[in-house]
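S.K.: First the structure, then my questions, so here it is.
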Amino acid sequence: MESKPSPTPTIAQSSSTPPQLPTETKGVESNPKRHEKCLKSLDRSLNGSPHLQYMIKSMGDVGCHINPESFFHCKPCNEESGAYFDPSSGIVVCENYTLSQKRINSNIIHEMIHAYDYCRANADFNDCVHHACTEIRAATLSGDCHYSRELVRGIATPVVGHFPECVKRRALVSIMLNPSCSNPSKAEKAVEKAWDTCYHDREPFKHAPKKKKKKKKKKN
């Protein structure tokens, strides 16, 4: 996707919206304990994740200034999704699914990449190549494809070369949930067409964020 300069870009500027957004659970009230737990996890992400803080700053740098208090929400979802981006309201963290703090951080970064692409390039989620591009970037930059995450999923692939394979697979799965791109052949072609440009597009980072290594304790 090529950047399209705009004098006053905003999150809700484009006429397109991500297809099949997970929606709030109808007829089921939010569980107060889960809601409070989600808010605390969200607060830890906002205050403890340098990558998320950098993404928020980067959104402002491309003209989409966001207020974290009104942009990030905790709500129950009627689909098994850790989080989702809605241009009309921001990013929703699904409170009815128990996830680790690291996973929550990763999910939010994933959705922030979508928000960033929606702002800087007017991403049209009904265009399969556009959708493939932002999914490729989100899988690349959010930590979705760290080798340890693949092992947790039960996917044992060779260490060498696993990363691009994971990114392609997850991007393909994601865009096939889009009714406009549900045809496997059409989805595969969209991923291939977007691949060279979007896999190497690491904006707003200089490179794909790496997983922090645990510091070894010094022996006395």
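S.K.: If each of Tyr54 and Arg169 carries a label point 7 Å out from its Cα toward its Cβ, how far apart are those two points in nm?
M.R.: Result: 2.7 nm between the two label points.
S.K.: Tell me, in nm to one decimal, what length is gained between Leu177 and Asp61 on full extension, where the rule is 0.36 nm per residue of separation less the Cα-Cα distance?
M.R.: My answer for the length gained is 38.7 nm.
S.K.: Considering amide H positions built from the backbone, and no H for Pro or chain starts, which residues 5 or more places from Asn96, or on another chain, come under 5 Å of its amide H?
M.R.: Excluding prolines and chain starts, which carry no amide H, the hits are Cys77.
S.K.: Could you rank the peptides 196-206, 69-79, 103-113 by their average count of other C-beta atoms within 10 Å per residue, with the highest value first?
M.R.: Going from most to least packed, we get 103-113, 69-79, 196-206.
S.K.: For Lys102 and His35 in one chain, what is 0.36 nm times their gap in residues minus the Cα-Cα distance, to one decimal in nm?
M.R.: Extra length from Lys102 to His35 when fully extended: 22.3 nm.
S.K.: Continuing with this model, one more query. If I model a spin label as a point 7 Å beyond the Cα along the Cα-Cβ vector, how far apart are those points for His162 and Glu192 in nm?
M.R.: Inter-label distance under the simple model: 2.7 nm.
S.K.: Could you list, in their original order, any pairs among Lys33/Lys102; Lys33/Lys57; Lys102/Lys168 whose Cα atoms are separated by more than 24 Å?
M.R.: Going by Cα-Cα distance, Lys33/Lys57 fall outside the 24 Å limit.
Values in this text are rule-based calculations from the coordinates and carry no lab data. Treat the numbers as computed from the prediction; the structure is a model and nothing was measured. Every residue, glycine among them, receives a Cβ derived from its backbone with ideal geometry; neighbour counts consider all protein chains shown.
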